[in-house]
Structures are given as C-alpha cells and as structure tokens.
There are 2 protein chains.
Amino acid sequence: MNEENKKTAPTVFEIEEGNQLLPRFDLYEYLPCITLDAETGEVLMLGYMNREALEKTIQSGLATYYSRSRKKIWVKGEESGFFQHVQDIFIDDDQDTLLLKVRVDGGASCHVGYRSCFYRRLKKGSSKELEFTETHKVFDPKVVYKHG
Amino acid sequence: MNEENKKTAPTVFEIEEGNQLLPRFDLYEYLPCITLDAETGEVLMLGYMNREALEKTIQSGLATYYSRSRKKIWVKGEESGFFQHVQDIFIDDDQDTLLLKVRVDGGASCHVGYRSCFYRRLKKGSSKELEFTETHKVFDPKVVYKHG
C-alpha cells in the first residue's frame with residue numbers, strides 16, 4: 001500500500017481550523033470563486049475553478065477559471081487582454097469556496113463592458129425591477145471581443 | 001392558452017442589459033449568493049438560495065438561504081441570533097449569481113466564530129499552507145450554538 005492509499009478523509013477540525021489547503025470540490029469537480037479588486041475591495045465576478053484551474057492560478061499568478069459553458073480551462077483576459085493578477089487566495093471555513101484578490105489590467109472584468117459583473121440591484125420596494133449602479137461601460141465588448 | 005404559456009425564454013440582451021430580475025437558477029434550482037458587510041464592504045460568506053429563499057429574502061428583508069446539506073430554507077441567524085438585515089440585492093450580468101449587502105447583528109457571520117468565513121489565505125510562495133488573517137474569534141460557537 002503506498003502513501004496515497006493510506007490517506008484518510010480530513011476531519012471537520014482539520015478543514016475549518018487547520019493551516020492546510022484542502023479544497024473540497026463539488027460533484028462536478030469545481031469550486032465557486034469570488035474575485036475582488038485588490039485595490040478597491042469591490043466584488044468583480046464569481047467564477048468557477050476545477051483542480052487544474054486552481055493549480056494554474058497558484059503557479060502562474062494569473063486568475064484561471066473553468067468555463068462551465070465552454071467546458072474548458074480559461075485564463076481570464078486571454079481574449080480581452082484584461083488579465084487578473086492574483087494578490088491573495090483565500091478559502092472559506094469548509095473549504096468549498098475560494099476568494100481571490102486581484103489587480104485587473106484595463107480596470108474591467110465584466111464581458112458586458114462594466115467594471116464589475118454586479119452592475120444592477122433590485123430597486124427599493126420592488127421584487128422585480130432592477131436599477132443600474134454603474135452608469136457607463138468601461139469598454140465596448142464589440143471592439144474587445146473580435147468575434148462578438 | 002393562458003398568459004403563462006405564451007412566455008418565451010428571455011434573450012441574452014434582456015438578461016444582461018435589461019431592468020427586470022430574471023434569476024437563472026441552476027440544475028438543482030439554486031443560485032450562489034455572495035454576502036457582504038454593507039458597512040465595511042467585506043465579503044462575509046457564500047450561500048445558496050432557491051426561489052423560495054430569494055422571495056423570502058426580498059419580502060422579509062432578512063437574508064434567507066437554502067441549506068444544501070440540511071436541504072431546507074434557513075433564515076441566517078435563526079439559531080445564533082446574528083441575523084443579516086438586507087440593504088441591497090445585486091445580480092450579476094447573466095443573472096446566475098446574487099450579491100447581498102447586509103447589516104449583521106453581532107458582527108459575525110461565520111459559524112466557526114470569525115467575522116467572515118474567509119479567515120485564511122494561502123501563504124506567499126506556498127501551494128498548500130494557509131495563514132489566518134483573523135486573529136481571534138468574535139464569538140464562541142459552543143456557547144452560541146447550543147447543540148454544538
């Protein structure tokens with residue numbers, strides 16, 4: 001029996017109070033990842049990482065996600081040029097969610113052209129109507145994404 | 001044919017650029033929800049909401065999640081007393097992720113006792129070792145969660 005086979009599942013204490021990264025990927029083998037602008041603290045987006053994307057993120061220092069729709073590893077910015085340079089990688093209590101603090105080239109993260117993907121909020125008193133909290137786009141997606 | 005049957009799927013433009021809340025729940029019928037402290041902007045946790053939890057959150061003003069492990073609707077704070085009072089509800093570009101800004105009773109959100117669930121980060125230069133960024137617990141879980 002080799003070392004690998006002797007491993008036992010980590011305890012709740014090891015996961016929640018320990019100092020080892022023990023990411024708990026979901027049934028589809030990915031983890032959600034909240035990404036913040038390191039300078040402003042603003043939430044930019046929620047992405048997903050599988051083990052390979054997380055390893056590439058740690059190794060390269062560039063935020064690398066797994067695209068669930070395109071079913072492939074994806075270096076954020078590889079098309080737009082707006083790379084995310086990782087400053088810090090946090091993990092939550094039960095190690096099933098990541099949080100990245102990044103410096104963003106170009107100052108925008110959202111493919112629609114806004115700084116953050118969270119550019120709309122529910123209007124006070126309404127259960128349906130949204131209002132825009134970003135008033136103009138940072139870039140024109142038609143120009144940045146040539147295929148668009 | 002009634003009005004309900006005449007509905008067509010919303011377009012990408014309506015989802016991304018529109019002013020109507022059109023939440024796109026996943027295969028399991030829930031959405032991830034990033035929750036921030038409205039005062040400090042700090043990310044407190046990632047939870048999940050199904051349609052009922054989202055409706056209850058909007059109606060009551062208290063953050064209400066769906067617990068995937070306990071398979072039930074869960075008003076955050078119902079056991080600890082640390083309720084989350086919703087100030088704003090944001091939704092992202094493709095309307096599959098929520099972001100709440102909340103005022104937190106008791107000043108802590110994490111069941112382990114920390115202010116935020118993201119109290120550990122990867123040490124610089126390491127791919128495995130975590131360091132704690134919160135130095136002490138805000139509450140003792142054994143006292144707050146009587147069953148603990």
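State to the nearest 20 debye the size of the charge dipole of chain A about its Cα centre, where the only charges are +1 on K and R beta carbons and -1 on D and E beta carbons.
On the way: 21 positive and 24 negative charges, 184 e Å.
Taking the Cα centre of chain A as origin, the dipole is about 880 debye.
How much of the accessible area of the protein assembly as shown, probe 1.4 Å, is carbon plus sulfur, in whole percent?
Working: 8000 of 15900 Å².
Looking at the protein assembly as shown in its full context, I get 50 percent from C and S.
From largest to smallest, the equivalent ellipsoid semi-axes obtained for chain B from the alpha-carbon gyration tensor read 32, 19, 14 Å. Helical content of chain B, expressed as a calculated mean residue ellipticity at 222 nm, amounts to -3500 deg cm²/dmol (DSSP H runs of 4 or more residues, -39,500 (n - 2.57) each, divided by residue number, nearest 500).
Buried accessible surface for the A/B chain pair comes to about 4200 Å², total over both chains, computed with a 1.4 Å probe. Along the stretch B:114-119 the Karplus relation, 6.51 cos²θ - 1.76 cosθ + 1.60 evaluated at θ = phi - 60°, assigns HN-Hα couplings of 8, 5, 10, 6, 9, 9 Hz to successive residues, with x for each Gly and Pro.
When the surface is traced with a 1.4 Å probe over the full set of protein chains, B:Asp26 keeps roughly 60 Å² accessible.
Here B:Val75 yields copy-to-copy label distances, from shortest upward, of 5.0 nm, the label point defined as 7 Å from Cα along Cα to C-beta. Electrostatic bookkeeping for B:Ser126 treats Lys and Arg as +1 and Asp and Glu as -1; over the other residues with beta carbon under 14 Å from its beta carbon, the sum is +1. Ascending distances from the B:Gln87 label point to its copies in the other chains, with the point 7 Å along the Cα-to-beta-carbon line: 2.1 nm.
For peptide B:52-64, the mean count of partner chain Cβ atoms within 10 Å of a residue's Cβ comes to 1. Solvent-accessible surface (1.4 Å probe) assigned to B:Glu42 amounts to roughly 50 Å². For a modelled paramagnetic label at A:Leu22, 7 Å from Cα along Cα-to-Cβ, the residues of the stretch A:90-107 in reach, with backbone nitrogen under 17 Å, are A:91-98.
Give me the accessible area per residue for chain B, probe 1.4 Å, as a whole number in Å².
54 Å²
Here the protein assembly as shown is treated as a Stokes sphere of Kirkwood radius computed over C-alpha pairs; at 4 °C and 1.567 mPa s its diffusion coefficient rounds to 64 µm²/s.
So what is the relative contact order of the stretch A:28-144, in percent, for Cα pairs below 8 Å that sit 6 or more residues apart?
Values: 232 pairs, mean separation 25.7, N = 117.
Normalised by residue count, the contact order of the stretch A:28-144 is 22 percent.
Amide H contacts under 5 Å for A:Asp88: A:Lys101, restricted to partners 5 or more places along the chain or on a different chain, H placed in the peptide plane at 1.01 Å from N. Taking the Cα atoms only, what angle lies between the long axis of helix B:51-60 and the longest principal axis of chain B, rounded to 10 degrees? Helix B:51-60 and the main axis of chain B meet at about 70 degrees.
Taking the Cβ of B:Asp37 as the center, what net charge do the other residues with Cβ under 14 Å away carry, scoring Lys and Arg +1 and Asp and Glu -1? Don't skip to the answer; put the middle values down first.
Details: positive: B:Lys76, B:Lys101, B:Arg103, B:Arg115; negative: A:Glu42, B:Glu39, B:Glu42, B:Asp88, B:Asp105, B:Glu134.
Value of the local net charge: -2.
Look at the stretch B:120-133: the mean tally of other chain Cβ atoms within 10 Å of its residues' Cβ atoms is 5.
Take the Cα coordinates of the stretch B:11-58, assign each an equal point scatterer, and use the Debye formula without solvent to give log10 I(q)/I(0) at q = 0.16, 0.17, 0.31 Å⁻¹. Here the Debye-derived log intensity ratios amount to -0.60, -0.67, -1.04.
Over all directions, how big on average is the projection of the convex hull of the alpha-carbon atoms in the stretch B:20-99, in square nanometres? Write down the numbers at each step before the final one.
Working: hull surface 21.8 nm².
Hull-based average projected area comes out at 5.5 nm².
Ranking B:Tyr30, B:Tyr119 by solvent-accessible area of protein heavy atoms (1.4 Å probe, all protein chains present), from largest to smallest, gives B:Tyr30, B:Tyr119.
Take each residue of peptide A:112-118, count the partner chain Cβ atoms within 10 Å of its Cβ, and average: the result is 5. Taking A:Val75, A:Val102, A:Val112 as the candidate residues, the one with maximal mean-square fluctuation in a Gaussian network model of chain A, Cα springs under 10 Å, is A:Val112. For every other residue with a beta carbon closer than 10 angstrom to the beta carbon of A:Asn19, add +1 if it is Lys or Arg and -1 if Asp or Glu, then tell me the sum. My count for the surroundings of A:Asn19 gives -1.
The values are calculated or read from the model by the stated rules, or taken from the named source; none is laboratory data. If you're wondering where the values come from, they're calculated on a predicted model, not measured in any experiment. As a convention, Cβ positions derive from the backbone with ideal geometry for all residues, glycine included, and neighbour counts pool all protein chains shown. Accessible surface areas use protein heavy atoms only, side chains included; no ligands, DNA or RNA. Shrake-Rupley method; radii C 1.70, N 1.55, O 1.52, S 1.80 Å.
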